[in-house]
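Engineer: I'd like to ask some things about the structure below.
The values are calculated or read from the model by the stated rules, or taken from the named source; none is laboratory data. All of these numbers come straight from a predicted model, not from anything done at the bench. Positions of Cβ are generated from backbone atoms using ideal geometry, with glycine treated the same way; all protein chains shown enter the neighbour counts.
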Amino acid sequence: MASVLRVGLLKSADFRVGFLGLFAFAAAAGQATDTGLKQSTSSIQVAFDAQKPGLSALSIDSLRRGAFAASPIVDPGGPAIEYSVSINQGWVRYALKSDPIHPVWEMRCDGDALLIRSLYRTKAASRDLTLRFNPDVSHTTLLGHVTAGGDITLPAVLHLPGMGSMRIYVKGANTPALHYDARRAPPAFVAVTFPAATAEHKLLEYRLETAAIFPNVPGIEPGDPRFDGFQRDFLDIFQQHAELHVLANHAASDPCAFTLYMYGDMARHTPELVKGLTALDLVRDSLDRYLAGFLAYGMPGYKMFDNPGDDTGPYVFSDVYPSLLIAAYDYADGSGDMPWLRHSYKGLRKWADAMTAPNADGSPLLEYPLSGNSGSWPAKITARPANWWDTIGFGHQDAYSNALGYRALRGMAALAERVEETADATRYRQRAEAIRSAYASTFLDPQAGVLAGWKSTDGQLHDYYFPFVNGIAVRYGLIDGDQARQVMDRILAKMECVGYRNFALGIPGNLIPIRRADSVTLDPRWGGPEKEDGSDGFEIYENGGATACFAYFTVAALYQLGKKEQGDKILLPMIDAFARGGFSGRAANGLTYDWKDWQGGAHGYEGFLVDNYYALLAVFDRAQVMEKMP
């Protein structure tokens with residue numbers, strides 16, 4: 001699908017310059033402008049298609065800063081139909097040429113809203129209207145409750161990462177819903193379709209109101225530009241899959257059960273999205289799908305929705321059940337929905353029991369079936385490692401997954417008490433404490449003075465100075481006091497030693513190269529090395545690549561230890577990068593910015609990966625530190 005933007009005879013390059021600059025003064029002053037096919041207010045700039053119902057361009061600035069990004073709108077295609085286009089009192093009117101007097105679609109700006117009307121004509125029934133978005137410009141998503149037929153009920157939220165949101169309402173329909181579709185295979189797109197009026201509902205009026213949806217955080221003054229990225233991008237983590245109807249990496253990517261806790265943690269702080277819809281509702285809807293047997297990446301039997309020949313192997317990742325259980329706690333505790341908890345508890349208990357199945361060696365730690373031994377990964381991948389970092393040889397006793405498991409068990413103990421399952425509560429609490437007691441003695445590398453990533457069945461520690469492993473252990477209280485301070489001081493010292501200082505790029509997952517023997521893939525595209533020390537693959541993807549993914553744990557640990565200066569040194573440049581779109585989009589080499597080398601070169605593949613935006617949660621940890629400061 002061509003991505004040419006058309007208004008009249010303007011070429012795309014000419015149009016972009018004109019569109020982004022033409023209304024700058026009026027938008028900054030909060031005045032609406034009306035030049036026919038182009039209209040603008042303080043928070044919306046739109047160009048209506050000159051030939052058929054629809055838009056040629058759309059850009060919103062939910063913060064009203066006069067910062068309008070490039071439009072992600074592309075031509076939706078479809079069969080050619082000739083329309084007569086006219087303008088009357090600001091309304092752009094589209095009538096079929098067979099009946100040019102009576103429009104079938106009308107559109108205009110109204111304050112900080114876009115109005116779209118469909119009018120039923122007996123002899124000139126119109127077709128539905130589709131807005132199609134280029135995800136490489138802004139990975140648009142539609143957030144709402146899903147109907148039995150797979151559509152999204154209204155009201156809903158159209159979210160444009162990096163720009164803001166539009167709350168969508170409709171008048172004139174009893175059970176309004178929008179069709180939602182997306183694909184990541186070229187030409188990638190996200191599409192939202194507005195049904196046309198019918199003989200039953202002769203006038204439908206859709207209202208798309210711009211909205212800045214973000215939580216108020218103590219210590220952040222209104223208009224503080226340092227936190228524009230926090231406010232503009234807070235909702236970016238919530239991407240609803242257009243076909244599978246669960247929260248996923250983005251609207252056309254894989255759902256990952258092991259990241260559901262990230263959505264849950266963010267949802268607890270998120271204001272109501274639109275009347276009748278909260279972010280916690282989205283988490284619950286996803287949980288319900290999983291409880292009903294839905295499979296996602298990290299679970300045996302999962303087939304990628306657009307590549308059914310691929311799967312993740314025969315084992316449940318060690319971080320899957322902890323993630324699902326933490327998300328369940330977030331929803332139940334955050335919403336207070338006791339009927340849901342009572343109804344769902346048996347399913348949650350099955351997950352908890354699977355997670356805590358006894359180990360043959362008697363260890364209380366969560367254990368993955370694969371050994372994690374160096375050199376144990378075959379040339380052809382038949383099973384993935386133990387957790388999210390699926391190109392690194394995490395196996396057996398995995399420090400990250402055990403930290404999640406510890407938190408999940410504490411949450412399950414609390415939920416069990418609420419439904420009066422006291423024996424379960426005792427059992428979960430005891431297992432959590434057993435994990436805590438064994439954690440530091442298992443994973444602390446005595447030579448480096450930091451926590452290793454995993455301990456393999458041969459008894460070896462695999463330590464690559466993982467900032468996120470050490471951060472999560474501190475954040476969740478698995479280590480504390482002087483030991484926690486020493487661990488984080490050594491991580492910071494190692495960053496300085498290896499020369500990593502540009503935190504606008506995020507944080508590397510590991511600070512020294514992953515050795516060839518611990519690399520799951522040897523493909524250089526994914527950081528796979530030829531050299532035994534792994535240095536030739538370093539800085540590429542999960543082998544030390546820079547990303548905001550999992551940066552939260554490092555920053556939150558620093559704030560928890562009262563190290564505000566060190567935390568700000570990392571977090572504030574990242575927030576500024578979010579505001580500039582630094583973790584999304586595609587580079588000229590075809591790779592994407594969700595992963596970068598230490599010079600900022602693109603090495604990602606998603607183009608938009610929600611895990612990056614979990615880092616914004618650290619703003620709340622920062623606020624807690626500031627509350628304690630004199």
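Engineer: Checking SER323 against (1) surrounded by fewer than 23 Cβ atoms within 10 Å (Cβ to Cβ); (2) of a type in the set (S, T, N, Q); (3) under 13 Å from LEU260 (Cα atoms), which single condition isn't satisfied?
Structural biologist: Single failed check for SER323: (1).
Engineer: So which residues in region 398-427 are within 17 Å of GLY298 (Cα to Cα) and part of a helix (DSSP H, G or I), if there are any at all?
Structural biologist: TYR400, SER401, ASN402, LEU404, GLY405
Engineer: Could you tell me whether any residue of region 79-89 is at pLDDT 90 or above and either within 27 Å of ALA267 (Cα to Cα) or in contact with a helix residue (DSSP H, G or I) (Cβ under 6 Å, 6 or more places away or on another chain) (or both)?
Structural biologist: The answer is no; no qualifying residue exists.
Engineer: In region 537-555, is there at least one residue being closer than 30 Å to PRO72 by Cα, among the small types (Gly, Ala, Ser), at pLDDT 95 or above and in a loop (DSSP other than H, G, I, E, B)?
Structural biologist: Scanning region 537-555, I find at least one residue that is closer than 30 Å to PRO72 by Cα, among the small types (Gly, Ala, Ser), at pLDDT 95 or above and in a loop (DSSP other than H, G, I, E, B), so the answer is yes.
Engineer: Does any residue in region 450-467 that is on the phi > 0 side of the Ramachandran plot come within less than 9 Å, Cβ to Cβ, of a residue that is in a loop (DSSP other than H, G, I, E, B) and among the small types (Gly, Ala, Ser) six or more places away or on a different chain, and which pairs are these?
Structural biologist: That search, which allows pairs on different chains as well, returns TYR465/ALA448.
Engineer: From the residues in region 149-173 that are part of a loop (DSSP other than H, G, I, E, B) and aliphatic (A, V, I, L, M), which one is farthest from SER43 (Cα to Cα)?
Structural biologist: Checking each candidate, the answer is ALA173.
Engineer: Follow-up question, since we're still on this one. How many of the residues in region 371-397 are hydroxyl-bearing (Ser, Thr, Tyr) and closer than 19 Å to LYS303 by Cα?
Structural biologist: Residues meeting the conditions: 2.
Engineer: Ok, one more. Within 25 Å of the chain's Cα centre (by Cα), among the aromatic types (Phe, Trp, Tyr), over 30 Å from SER441 (Cα atoms) and modelled with pLDDT of 95 or more: which single residue out of TYR331, TYR400, TYR302, TYR321 fits that description?
Structural biologist: On inspection, the qualifying residue turns out to be TYR331.
Engineer: Taking region 540-563, which residues are over 15 Å from GLU606 (Cα atoms) and touching a Lys or Arg at 6+ places or on another chain (Cβ under 7 Å)?
Structural biologist: PHE553, ALA556, ALA557, TYR559, GLN560, LEU561 - these are the residues of region 540-563 that are over 15 Å from GLU606 (Cα atoms) and touching a Lys or Arg at 6+ places or on another chain (Cβ under 7 Å).
Engineer: So, in region 540-570, exactly how many residues are free of Cβ contacts under 8 Å to residues at least 60 places away in the same chain, touching a helix residue (DSSP H, G or I) at 6+ places or on another chain (Cβ under 8 Å) and acidic (Asp, Glu)?
Structural biologist: Matching residues across region 540-570 total 1.
Engineer: What's the number of the only condition in (1) under 30 Å from PHE620 (Cβ atoms); (2) surrounded by fewer than 23 Cβ atoms within 10 Å (Cβ to Cβ) that ALA156 fails to meet?
Structural biologist: (2)
Engineer: Further, regarding this structure: Within region 473-521, track down each residue that is assigned to a loop (DSSP other than H, G, I, E, B), basic (Lys, Arg) and buried (at least 16 other Cβ atoms within 10 Å of the Cβ).
Structural biologist: ARG515 - this is the single residue of region 473-521 that is assigned to a loop (DSSP other than H, G, I, E, B), basic (Lys, Arg) and buried (at least 16 other Cβ atoms within 10 Å of the Cβ).
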